[in-house]
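Undergrad: Sharing a structure with you now.
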Amino acid sequence: MAHGTHNAVPDPRNENILIYINGELFPRHEAKISVFDSGYLVGDGVWEAVRLHQGVLVFLDEHLDRLWQAAATIGMELGMTRQELTEALWQTLRANEMHDNVHVRFMLTRGIKKTPSQDPRLTISGPNLVIIAEHKQADPATKEKGVRLFTSTVRRGSPDYLDPRLNCHSKLHEVMALIQALNAGADEALMLDIHGFVSTCNATNFFMVKKGEVWTSTGQYCMNGITRGKVIYACHKHGIPCYQKNFSLFDVYGADEAFVTGTFGGLTPVIEVDGRTIGEGNYGPMTRRLSELYRQEIELAVQAAKKQK
């Protein structure tokens, strides 16, 4: 089985999930979208993924903020309010009788095209909304084992042609970076920015630890990850020195610890970069501490949401 930050505990219930497509629910193996869909044809769409913890969609407001910003960036009218989209998410979860340890991905494309083309004027429908909710618990063995990274020659782009903060359907450059890493025998890819500084990974955000300090990139050339932001916030909240700054592979190779962050896996230790062992090559003490602080932020969010109900 492939090893990486998205390793999940197998769950047979996912074979029978219902998938939401534009207001209707379909069994997994019957869920389909048109081959003329803008997302399929030209990657024209935006998406988000959230976690359901104890009956609460954690950090949903932040995810919706990011979705609406992405839609505005690509000039796409979503055709619904935040409340309507939220209700669609809950409709999907209720139909699947889901309450905990669920990963929800929701995708909005510009709509159906009249003919294969980039031109948005040839779109003949409103946006297509697909919601896939799965029973997905992160495999705890992944945290103990950690992941190995390989630095790809594929760079994160410049904001003037495809802003790296944009969570769009066009992920080909990240896929290319990951393939390069896999061919090198690693689990995932580390990506540099256009200046050669460490930016991010192909699907997660990168952090390193040096002498009690936590470093991550400036944020100019990486996805503005919700989990990334929560880790930075937790560091400031608990007096842990945390810096968003430029640093290079020179710094990474000599780091005491490294880890990556993402909505699904939370914090995952990095044990190796480009064949070099990072620190002790294990789940280090700072990464463990920050994992616990992030878990506490999730619990606080769950408690706050339940009080509002």
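None of the figures in this text is laboratory data; all of them are computed from the coordinates on show. All values derive from a computational prediction rather than experimental measurement. Note: ideal-geometry Cβ built from the backbone for every residue, glycine included; neighbour counts use all protein chains shown.
Undergrad: Would you mind pulling out the separation of the Cα centroids of segment 195-272 and segment 117-137, in Å?
TA: Cα centroid of segment 195-272 versus Cα centroid of segment 117-137: 31 Å apart.
Undergrad: Work out, in µm²/s and without decimals, the Stokes-Einstein translational diffusion coefficient of segment 227-278 at 4 °C, 1.567 mPa s, Rh from Kirkwood over C-alpha pairs.
TA: For the chosen part, D equals 105 µm²/s.
Undergrad: What list of ³J(HN,Hα) values in whole Hz, one per residue of segment 212-227 in order, does the Karplus curve 6.51 cos²θ - 1.76 cosθ + 1.60 (θ = phi - 60°) give from phi, with Gly and Pro shown as x?
TA: So the Karplus estimates, Gly and Pro as x, are x, 9, 10, 10, 9, 5, 5, x, 6, 10, 9, 4, 7, x, 5, 5 Hz.
Undergrad: Which of the GluC sites (Glu not before Pro) found in segment 1-101 are loop residues per DSSP with 15 or fewer other Cβ atoms within 10 Å of their Cβ?
TA: Answer in residue order: Glu77, Glu97.
Undergrad: Restricting to DSSP loop positions (anything but H, G, I, E, B) with no more than 15 other Cβ atoms inside 10 Å of their own Cβ, which trypsin sites (Lys or Arg not before Pro) remain in segment 224-300?
TA: The qualifying sites are Lys245.
Undergrad: Can you check what the net charge comes to around Pro10, using other residues whose Cβ is under 14 Å from the Cβ of Pro10 (Lys, Arg +1; Asp, Glu -1)?
TA: -2
Undergrad: Within straight cross-link reach of Lys210, meaning Cα distance under 20 Å, which aspartates and glutamates are found once same-chain residues fewer than 8 apart are removed?
TA: Qualifying aspartates and glutamates at Cα under 20 Å: Asp251, Asp256, Glu257, Glu272, Asp274, Glu280, Glu292.
Undergrad: Treating only the Cβ atoms of Lys and Arg (+1) and Asp and Glu (-1) as charged, compute the dipole magnitude of segment 141-299 about its Cα centre; round to the nearest 20 debye.
TA: The dipole of segment 141-299 has a size of about 200 debye.
Undergrad: In bins 5 Å wide, starting from 0, what share of all Cα pairs of segment 141-299 does each bin hold, as a percent?
TA: Pairs per bin, as whole percents: 2, 10, 20, 24, 23, 14, 7, 1, 0.
Undergrad: What lysines could a cross-link reach from Lys230, if we take a straight Cα to Cα line under 19 Å and drop same-chain neighbours fewer than 8 places away?
TA: Lys143, Lys245
Undergrad: When 1/r is averaged over all different Cα pairs and the result inverted, which Kirkwood radius in Å belongs to segment 17-137?
TA: With all distinct Cα pairs of segment 17-137 included, I get 14.8 Å.
Undergrad: Summing Lys, Arg as +1 and Asp, Glu as -1, what charge do residues with Cβ under 10 Å from the Cβ of Thr261 carry, Thr261 excluded?
TA: +2
Undergrad: In the Gaussian network model of the chain, springs joining C-alpha atoms below 10 Å, which of Gly279, Gly157, Gly126 carries the largest mean-square fluctuation?
TA: Checking each option, the largest mean-square fluctuation is seen for Gly126.
Undergrad: Pull up the cross-link candidates among the lysines for Lys32, meaning alpha carbon to alpha carbon under 26 Å and not fewer than 8 places away within one chain.
TA: Within the straight-line limit of under 26 Å, Lys32 reaches these lysines: Lys113, Lys114, Lys136, Lys171.
Undergrad: Expressed in whole Å with the largest first, what are the equivalent ellipsoid semi-axes of the chain derived from the C-alpha gyration tensor as the square root of 5 times each eigenvalue?
TA: Listed largest to smallest, the semi-axes of the chain are 32, 23, 18 Å.
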